[in-house]
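Worksheet: the structure to be examined is printed underneath.
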């Protein structure tokens with residue numbers, strides 16, 4: 001696909017998600033073509049760029065890395081009695097590994113102890129999620145291609161062991177599959193990527209453009225009223241004016 005696009009001699013290629021961007025990088029690095037990525041959690045971990053402070057000769061872009069500190073703070077506000085944070089992740093996805101590392105670094109600030117369980121395939125989900133029973137008070141489902149695309153299976157498994165879920169995707173909360181999210185607004189990520197593309201098309205070099213990251217203001221809380229009732233939870237005073245409850 002990328003090779004076919006390059007044959008059209010575009011001024012710039014925009015890629016979305018880590019796997020697609022990695023595939024593009026492998027092809028672009030031997031050409032003079034330029035790419036801008038979007039929705040990549042950790043482009044350094046994914047070897048798309050060498051650092052957050054600057055792009056590569058052929059590529060820069062916009063991350064969708066959540067402000068994990070803000071996510072953990074939100075989780076603590078909503079579930080102040082939770083102590084054990086369960087984190088399913090795909091060890092084969094660079095994004096998952098990067099986000100897990102950040103969670104483990106920041107969790108102690110909020111009194112959380114992290115329980116991590118690897119999930120390599122969709123078929124693993126029921127058993128691996130069920131393994132959190134008795135070990136986690138709440139689960140955090142990150143921006144994992146595997147886990148988010150398998151949301152019904154994750155939701156069913158979490159419900160079978162009665163563990164509330166905080167998701168990186170608010171769509172899963174709006175369907176009452178998960179308790180809540182403090183998610184990146186992907187329209188904001190798109191705008192960040194578009195701004196970078198415009199700068200490159202105006203003559204800036206990708207290597208001189210730092211990777212763009214969503215700010216806390218680019219996140220929004222969403223809480224399922226039905227899930228709150230199911231788990232016998234009350235909205236804390238600190239979130240009473242959030243205007244973020246959905247039925």
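Scanning region 133-157 for residues that are part of a loop (DSSP other than H, G, I, E, B) and either at positive phi or in contact with a helix residue (DSSP H, G or I) (Cβ under 8 Å, 6 or more places away or on another chain) (or both) returns 134, 142, 143, 144, 150.
Has region 192-200 got at least one residue that is at pLDDT 95 or above, over 17 Å from the mean Cα position of the chain (by Cα) and not in a helix (DSSP H, G or I)? Taking every residue of region 192-200 in turn, none turns out to be at pLDDT 95 or above, over 17 Å from the mean Cα position of the chain (by Cα) and not in a helix (DSSP H, G or I). Taken over region 206-247, the criterion of being free of Cβ contacts under 8 Å to residues at least 12 places away in the same chain, over 27 Å from residue 137 (Cβ atoms) and out of contact with any helix residue (DSSP H, G or I) (no Cβ under 9 Å at 6 or more places or on another chain) is satisfied by no residue.
If you go through region 76-103 and pick out every residue that is under 21 Å from residue 137 (Cβ atoms) and either over 15 Å from the mean Cα position of the chain (by Cα) or not in a helix (DSSP H, G or I) (or both), you end up with 14. Restricting the search to region 26-67, which residues are out of contact with any strand residue (DSSP E or B) (no Cβ under 6 Å at 6 or more places or on another chain), surrounded by fewer than 24 Cβ atoms within 10 Å (Cβ to Cβ) and not in a loop (DSSP other than H, G, I, E, B)? Listed by number, the residues that qualify are 26, 27, 51, 54.
Does residue 210 satisfy being modelled with pLDDT of 95 or more, in contact with a strand residue (DSSP E or B) (Cβ under 7 Å, 6 or more places away or on another chain) and either outside any helix (DSSP H, G or I) or within 20 Å of residue 76 (Cβ to Cβ) (or both)?
Working: modelled with pLDDT of 95 or more: yes; in contact with a strand residue (DSSP E or B) (Cβ under 7 Å, 6 or more places away or on another chain): yes; either outside any helix (DSSP H, G or I) or within 20 Å of residue 76 (Cβ to Cβ) (or both): yes.
Yes; evaluated as a whole, the condition is true for this residue.
Of the set (1) part of a helix (DSSP H, G or I); (2) without any contact (Cβ under 8 Å) to a residue 40 or more places away in the chain; (3) in the same structural domain as residue 39 (by TED's automatic domain parsing), all apply to residue 203 but (1). Filter region 179-191 for residues that are surrounded by fewer than 21 Cβ atoms within 10 Å (Cβ to Cβ), in contact with a helix residue (DSSP H, G or I) (Cβ under 8 Å, 6 or more places away or on another chain) and not in a loop (DSSP other than H, G, I, E, B) and give the result. Selection gives 188 alone.
Of the numbered criteria (1) out of contact with any helix residue (DSSP H, G or I) (no Cβ under 7 Å at 6 or more places or on another chain); (2) more than 19 Å from residue 205 (Cβ to Cβ), the one residue 41 fails is (1).
One residue stands out in region 155-170 among those that are without any contact (Cβ under 8 Å) to a residue 60 or more places away in the chain and within 20 Å of residue 99 (Cα to Cα): the one that is surrounded by the fewest Cβ atoms within 10 Å (Cβ to Cβ), namely 169.
The values are calculated or read from the model by the stated rules, or taken from the named source; none is laboratory data. Because the structure is a prediction, the values reported are computed rather than measured. Methodologically, a virtual Cβ is constructed for each residue, glycine included, from the backbone with ideal geometry; neighbour enumeration extends over all protein chains shown.
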